[in-house]
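These notes concern the structure reproduced below.
The values are calculated or read from the model by the stated rules, or taken from the named source; none is laboratory data. What you are looking at is a predicted structure, and each value in this text was computed from that prediction instead of being measured. For neighbour counting, all protein chains shown are included, and Cβ atoms are generated from backbone atoms with ideal geometry for every residue, glycine included. The accessibility values were calculated without ligands, DNA or RNA, using every heavy atom of the protein model including side chains. Shrake-Rupley method; radii C 1.70, N 1.55, O 1.52, S 1.80 Å.
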Amino acid sequence: MDCSRCGASLDGPVPGWCPDCRAAERVGAAALLAWLVEDPLPVPVVDEWHDPDPLGWPDYDALRSEARERTGADESVTVVRGRVGGSEAVVVGWDFGFLGGSMGTVAGQRIAGAYDAAAAAGLPVVLLPSTGGARMQEGMASLVQMAATTAAATAHPHLQIAVLRDPTTGGVFASHANLADVVLAEPNATIGFAGPRVAEAMTDGPLPSGSHTARGAHAAGLVDAVVARPDLPAVLGDLLAFHREAQPEPVDPPVGPPPTDASVAAWDEVQRARAADRPRAPEVLAHDRVAVHGRLRGDRAGGTDPTVDVVLGTWAGRRVVVVAMDPRQGAVGPAGYRTAWRGIDLAARLGVPLVLLVDTPGADAGAAAEAGGVAHHIAATMARLVATPVPTVAVVVGEGGSGGALALAVTDRLLLQEHAIFTVIAPEGAAAILHRDRDRAPDVAELLDPTARRLHALGVADAVVAEPDDPAIAVDNVVRAVAAALDELAEEAPDDRLARRRARWRQPLRR
């Protein structure tokens, strides 16, 4: 077999992969599953319909017979169980050569059954679609499989990963594949609800460059990562390892209690919280006791925001989802909050604690953000966080700016680093309002007093994390403090914890 793009031989170990142009050819489910899944075993899934022909479509039996002979598969999807990158999962593979990988009634029930089998075994699901969507020869009996597979995916309690291959369109893309917790795509995959030919026909014109491509979907926040086929075992292995039971590591308390020094000027603390060389969320995530298994990118609604990073990982051996903010990328906009929603919802669905590393000058105040409903997004983020059923810990690791930061801080435990700040408004903004002079910010900062010391005294912060001059020790203290808080919260009954959180934010100040 030769590459259809450059003519190079595809005889390497990775099926259908061209090392010269780094593109993936379409391959059947059998070849892909044999390469990707260690010791694959068929999953006995009950096919409720047994090869139906609900419309009496002309020559449908012959079409399916030809597809079986051509592909060696009995349907467009094959379900196996085995290890991927060292972790066990139920894997669903599509064969585009079988009637365009379309989802008929048998395929739909088989996919739904795969979720059921994975749930019964306590395993994650990996989807490898290559499909044109619902099978038109079966009409509405095929289309309603979108609902059947959506219902099964929604009920599945474990990690779900989709790898979109060429092409992934139609009813599969618009149902269970798009509900996966993590969505990956191969570089040259065609992706979209309506396939390119249908889209051009329906819109009476050529599509813009990048439309219906993996790269375009990634840029629009619809795909978390574009992954070359040879890298799939490692990438999927890392993600699936997150599913395995973690082994919490014992942690000592943070080094030394923070000093109480009322003589420290508030403006000095503002400057220290904003310092360019200050360790921030990326440095915390790079700590040797924090393991990153995968990242979510984008809001799945056409938007990306580099200020918000959502991570699946372990924190000193404790499984967590982390929502991290990086002010070096700007202020948080609507897409950033929607990305954070993905992290909050994923933690709740999987039943793992949520850690939030808060650091932002505030929400994006631009016209586009206002038109995009940034105020609604702040309110909706707070509502989601107050109500999430899992343990939540937030740490302000730099600047907590107004409601844009508070949206991601209404947690069971709110910690502040010793030299972090949290303020109702930036001192410069307050000075502009009060004195029409931003240069009066140092004076106003003393009045606002957004220091960790003051916030702890008020009861806004539950604890202050010591922040020595050595950045490595300061970051280590954050890791230790969060782990200790997670252990405390794990001892509480979920209903009691949720009630306490609500009460804590109904009366957030000490009397």
Of (1) part of a helix (DSSP H, G or I); (2) of a type in the set (D, E, K, R); (3) farther than 19 Å from residue 394 by Cβ, residue 283 fails just (3)
Could you name every one of the helices (runs of 4 or more DSSP H) located completely within region 425-511 that has at least 2 residues being touching a Lys or Arg at 6+ places or on another chain (Cβ under 6 Å) and either open to solvent by less than 60 Å² (accessible area, probe 1.4 Å) or at pLDDT below 95 (or both)?
427-435, 471-490
Keeping to region 446-497, report how many residues are under 31 Å from the mean Cα position of the chain (by Cα), more than 19 Å from residue 267 (Cβ to Cβ) and of a type in the set (D, E, K, R).
10
Right, residue 149: closer than 17 Å to residue 75 by Cβ, within 23 Å of the chain's Cα centre (by Cα) and in contact (Cβ under 8 Å) with a residue 24 or more places away in the chain or not?
yes
For residue 288, state whether it is at pLDDT below 95 and not polar (S, T, N, Q).
no
Check residue 328 against each of (1) in contact with a helix residue (DSSP H, G or I) (Cβ under 9 Å, 6 or more places away or on another chain); (2) basic (Lys, Arg); (3) surrounded by 16 or more Cβ atoms within 10 Å (Cβ to Cβ) and name the one condition it does not meet.
(3)
Kindly provide the set of residues from region 17-47 that are open to solvent by less than 30 Å² (accessible area, probe 1.4 Å) and touching a Ser or Thr at 6+ places or on another chain (Cβ under 7 Å), ordered by number.
25, 28, 29, 33
Only one of (1) modelled with pLDDT of 95 or more; (2) touching a Pro at 6+ places or on another chain (Cβ under 9 Å) fails for residue 200. Which number is that?
(1)
Scope region 154-182; condition over 21 Å from residue 117 (Cα atoms) and either in contact with a Pro (Cβ under 9 Å, 6 or more places away or on another chain) or aliphatic (A, V, I, L, M) (or both); matching residues
164, 165, 167, 168, 169, 173, 174
Given the criteria touching a helix residue (DSSP H, G or I) at 6+ places or on another chain (Cβ under 8 Å), buried (at least 17 other Cβ atoms within 10 Å of the Cβ), in contact (Cβ under 8 Å) with a residue 60 or more places away in the chain and not acidic (Asp, Glu), does residue 67 qualify?
no
Does residue 14 satisfy the condition of being closer than 24 Å to residue 168 by Cβ, in contact (Cβ under 8 Å) with a residue 24 or more places away in the chain, hydrophobic (A, V, I, L, M, F, W, C) and surrounded by 13 or more Cβ atoms within 10 Å (Cβ to Cβ)?
yes
Name the single residue that is modelled with the lowest pLDDT among those in region 250-266 being open to solvent by 70 Å² or more (accessible area, probe 1.4 Å) and under 25 Å from residue 322 (Cα atoms).
255
Of all residues making up region 292-313, the number that are over 23 Å from residue 162 (Cβ atoms) and open to solvent by 10 Å² or more (accessible area, probe 1.4 Å)
1
For region 395-423, what are the residues that are part of a helix (DSSP H, G or I), open to solvent by less than 20 Å² (accessible area, probe 1.4 Å) and hydrophobic (A, V, I, L, M, F, W, C)?
405
Being assigned to a helix (DSSP H, G or I), over 15 Å from the mean Cα position of the chain (by Cα) and closer than 29 Å to residue 466 by Cα narrows it down to one of 328, 384, so name that one.
328
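From the list 360, 392, 381, exactly one residue is crowded, with 24+ Cβ neighbours inside 10 Å and closer than 21 Å to residue 509 by Cβ. Which is it?
Every option except 392 fails the conditions.
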